[in-house]
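Participant: Got a structure for you, written out below as structure tokens; questions coming shortly.
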């Protein structure tokens, strides 16, 4: 399927909540078929930016195009084509893990086999566990499964490995790399510098609602500093 | 096959390759609504508190009401079970369309489920249709159970079945809209408390189970409430085989006003 390039194009995005400016003229491009990491301190505007791309929020100023579409006006056309992994929650408390995955699969035309996907993410042993009794890492993996079960062209994953043990983290990284190899564009936010370094083709560092540094991990660390040094250098300490 | 194995794909060893290449698309709208209806019905029937509200309390109200009416020698005009069964059917509609829906929706909002589905191919009107489907299915179960209990207690309806169905549908529309109005406006915990409180108040003093005329001076007021209107419309349809046009219009008006307010105020997150 031909995908317009770039997958995401944001220009001059401004988002305010009352007196707070969460996003302040942010510009960012995500090329198709890449893994792009968005880094930034808490409150830098990462989640707000992602939620604007996902059509949850209307851009107050600036333009946002996702797969060539307006996330608000073309929402119905866009939603089947993207996968969204929420930071937390997103399921009935009494629903069983695999039941939830089957349900979301049924909303799509050509979903992945839910049982095979669950098995791939190591969820087969908690398939019948109610959502409220899943561990944090299991909830995260289920969230990722829910984001990709519909075979999207583009996935947004918000802190995909938060609360995961090292095994689950590796499984998740492998899956994200496999998605890229299959032609899926991945946009992820993370607080883990090693995650960004190992996974991402491109890193955007966001601070106070603007992109303050962009490039491949190798470019950003070309002067011998670690990515964390660069991050600490270009961003401000968050109040949260 | 053990229950565990049912969920396992025998061919998919960990690390097996999945075809992750993009193949996006929404399922046909009808199938999405069907999936949502199925899911919501299953969750509702699996939840102990919801079952208590949907089945146990109405059955107790019917059995207890008939027993009490006999012992207290209450004069309801007709055989007590003939008056109480339509009233308890109205109560069952109220509990499912209002209390259960409000509580479930409140927690769906709180747990981010509405947000998750908001990012899925299921449109909001599909979600709403799924909820309506689940409510109607649960009401069907309630009608079968309560009807059976009623007949076992000697219920002899003089029934206008289409009028009873219309009353139940209008009542469901009115209470369902009010339930969503509540769930979309306040926190989940507040929804839980208010929905249960309103249910208790209407159960005892809302003109649902007992005819509004039993409430003395309060009766004429209750006839303008959706609870009294639904109760009266059901009793007219099932006790006297007649259509209570005014109560139907009262329900329709409540449904219209609440639906309008809900569409203006409902917050999905």
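Participant: Against the definition (away from chain A (no Cβ under 14 Å) and under 21 Å from residue B:263 (Cα atoms)), how does residue B:102 come out, yes or no?
Facilitator: Considered against the rule, which asks whether it is away from chain A (no Cβ under 14 Å) and under 21 Å from residue B:263 (Cα atoms), residue B:102 comes out as yes.
Participant: May I pose another question? If you go through the stretch B:6-29, how many residues are at the interface with chain A (Cβ under 7 Å from one of its Cβ atoms), within 18 Å of residue A:104 (Cβ to Cβ), at pLDDT 50 or above and surrounded by fewer than 18 Cβ atoms within 10 Å (Cβ to Cβ)?
Facilitator: Residues that pass the stated criteria total 2.
Participant: So residue B:154 fits all but one of (1) over 14 Å from residue B:85 (Cα atoms); (2) surrounded by fewer than 15 Cβ atoms within 10 Å (Cβ to Cβ); what number is the exception?
Facilitator: All conditions are met except number (1).
Participant: Also: Which one of these does residue A:99 not meet: (1) outside any loop (DSSP other than H, G, I, E, B); (2) surrounded by fewer than 24 Cβ atoms within 10 Å (Cβ to Cβ); (3) under 20 Å from the mean Cα position of the chain (by Cα)?
Facilitator: (3)
Participant: Which of the residues belonging to the stretch B:206-227 are farther than 16 Å from residue B:76 by Cα and part of a helix (DSSP H, G or I)?
Facilitator: B:217, B:218, B:220, B:221, B:222, B:226, B:227
Participant: When you look at residue B:59, is it outside any strand (DSSP E or B) and within 14 Å of chain A (Cβ to nearest Cβ), yes or no?
Facilitator: no
Participant: Based on this model, can you work out whether residue A:117 counts as more than 7 Å from chain B (Cβ to nearest Cβ), at pLDDT 95 or above, part of a helix (DSSP H, G or I) and over 18 Å from the mean Cα position of the chain (by Cα)?
Facilitator: Criteria not met by residue A:117.
Participant: Can you find a residue that is modelled with pLDDT under 95, facing chain B (nearest Cβ under 7 Å) and surrounded by 24 or more Cβ atoms within 10 Å (Cβ to Cβ) anywhere in the stretch A:120-128?
Facilitator: Scanning the stretch A:120-128, I find at least one residue that is modelled with pLDDT under 95, facing chain B (nearest Cβ under 7 Å) and surrounded by 24 or more Cβ atoms within 10 Å (Cβ to Cβ), so the answer is yes.
Participant: Scan the stretch B:213-226 and tell me whether some residue there is in contact with a strand residue (DSSP E or B) (Cβ under 7 Å, 6 or more places away or on another chain) and touching a residue at least 12 places away in the same chain (Cβ under 8 Å).
Facilitator: Checked against the condition, which is being in contact with a strand residue (DSSP E or B) (Cβ under 7 Å, 6 or more places away or on another chain) and touching a residue at least 12 places away in the same chain (Cβ under 8 Å), the stretch B:213-226 yields no hits at all.
Participant: Across the stretch A:155-204, what is the number of residues that are under 10 Å from the mean Cα position of the chain (by Cα) and in a loop (DSSP other than H, G, I, E, B)?
Facilitator: Count: 3.
Participant: Under 6 Å between Cβ atoms, at least 6 apart or on separate chains: pull out the pairs that start in the stretch B:120-142 with a residue that is part of a helix (DSSP H, G or I) and end on any residue that is surrounded by fewer than 18 Cβ atoms within 10 Å (Cβ to Cβ).
Facilitator: none
Participant: Further question: Can you say whether residue B:66 is at pLDDT below 95, in contact with a strand residue (DSSP E or B) (Cβ under 9 Å, 6 or more places away or on another chain), more than 11 Å from chain A (Cβ to nearest Cβ) and assigned to a helix (DSSP H, G or I), as far as the supplied structure shows?
Facilitator: Taking the combined requirement at face value, the residue does not satisfy it.
Participant: Could you check the stretch A:67-84 and list, in sequence order, the residues that are within 9 Å of chain B (Cβ to nearest Cβ) and either touching a helix residue (DSSP H, G or I) at 6+ places or on another chain (Cβ under 9 Å) or surrounded by fewer than 16 Cβ atoms within 10 Å (Cβ to Cβ) (or both)?
Facilitator: Of everything in the stretch A:67-84, those that are within 9 Å of chain B (Cβ to nearest Cβ) and either touching a helix residue (DSSP H, G or I) at 6+ places or on another chain (Cβ under 9 Å) or surrounded by fewer than 16 Cβ atoms within 10 Å (Cβ to Cβ) (or both) turn out to be A:76, A:79, A:82, A:83, A:84.
Participant: Residues A:154, A:101: which one is under 27 Å from residue A:195 (Cβ atoms), more than 9 Å from every other protein chain (Cβ to nearest Cβ) and in contact (Cβ under 8 Å) with a residue 24 or more places away in the chain?
Facilitator: A:101
Participant: Considering only the stretch A:207-240, how many residues are under 20 Å from the mean Cα position of the chain (by Cα) and either exposed (fewer than 14 other Cβ atoms within 10 Å of the Cβ) or in a loop (DSSP other than H, G, I, E, B) (or both)?
Facilitator: Of the residues in the stretch A:207-240, 3 are under 20 Å from the mean Cα position of the chain (by Cα) and either exposed (fewer than 14 other Cβ atoms within 10 Å of the Cβ) or in a loop (DSSP other than H, G, I, E, B) (or both).
The values are calculated or read from the model by the stated rules, or taken from the named source; none is laboratory data. As the structure is a computational prediction, the values presented were derived from the model and not from experiment. Neighbour counts run over all protein chains shown; Cβ positions are idealised from the backbone, glycine included.
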